[in-house]
1. Give me the residue from the stretch 75-94 that is aliphatic (A, V, I, L, M) and not in a loop (DSSP other than H, G, I, E, B) and, out of that set, nearest to Glu62 (Cα to Cα).
2. Filter the stretch 11-30 for residues that are assigned to a helix (DSSP H, G or I) and under 15 Å from Cys78 (Cα atoms) and give the result.
3. Which members of the stretch 17-29 meet the condition of being surrounded by fewer than 19 Cβ atoms within 10 Å (Cβ to Cβ) and either in contact with a helix residue (DSSP H, G or I) (Cβ under 6 Å, 6 or more places away or on another chain) or modelled with pLDDT under 95 (or both)?
4. Working carefully through the options Ser35, Ser31, find the one that is more than 15 Å from the chain's Cα centre (by Cα), within 15 Å of Val4 (Cα to Cα) and in contact (Cβ under 8 Å) with a residue 24 or more places away in the chain.
5. Check the stretch 89-108 and report whether any residue there is among the aliphatic types (A, V, I, L, M) and modelled with pLDDT of 95 or more.
6. Considering only residues that are surrounded by fewer than 18 Cβ atoms within 10 Å (Cβ to Cβ), in a helix (DSSP H, G or I) and of a type outside the set (Ser, Thr, Tyr), which ones fall in the stretch 40-74?
7. Quick one: would you say Ile42 is at pLDDT 95 or above and touching an Asp or Glu at 6+ places or on another chain (Cβ under 9 Å)?
8. Would you please name the residue that is farthest from Ala13 (Cα to Cα), looking only at residues in the stretch 123-134 that are of a type outside the set (Val, Ile, Thr) and crowded, with 18+ Cβ neighbours inside 10 Å?
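The values are calculated or read from the model by the stated rules, or taken from the named source; none is laboratory data. Computed from a predicted model, the values in this text were never measured in an experiment. All Cβ positions, glycine included, derive from the backbone under ideal geometry; neighbour counts span all protein chains shown.
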Amino acid sequence: MSVVNQMKLSVSAISGNESFVRSAAAAFCVSKNPSLETVNDIKTAVSEAATNVIVHAYDEPEKNFIYVEAELFDDYVCIIVKDDGRGIANLEEAMQPMYTSKPENERSGMGFTFMQTFMDELSVESEEGKGTTVKMKKYITKAEDL
């Protein structure tokens, strides 16, 4: 299946950009007339991925970036959210529901769980000192198909 459209975006890893990244990813899919549920699923998953970068990737997030890439196909979208921050020491542990590396910040530890729940496919790669890449795929249910 061939790519219909592509997007690359990089923004400062500050909390104010989480909503921008979420909205940009959802708006990117609008040409496929997705259902409201599909749009909300994409927004939720991308929001969680961006928040993970903001909270966990960098000691000085304002001096670093969230990188988002997306490819739109006829019936699905692939979204990649990545950083070049500290990486995840124990990815298996980090993927567990309720795990957080920052309990002092009252984080729920549900970011990866939400990404898995709201997207059709999720893969995460991370290397300490080099960053983390989250790849997500969502099949687009069209509004007229409901």
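1. Per the criteria, the residue is Val81.
2. Listed by number, the residues that qualify are Val21, Arg22, Ala24, Ala25, Ala26, Ala27, Phe28, Val30.
3. Selection gives nothing.
4. Ser31
5. No - not one qualifying residue is present in the stretch 89-108.
6. Asn40, Glu62, Lys63
7. Considered against the rule, which asks whether it is at pLDDT 95 or above and touching an Asp or Glu at 6+ places or on another chain (Cβ under 9 Å), Ile42 comes out as no.
8. The extreme case among them is Ser126.
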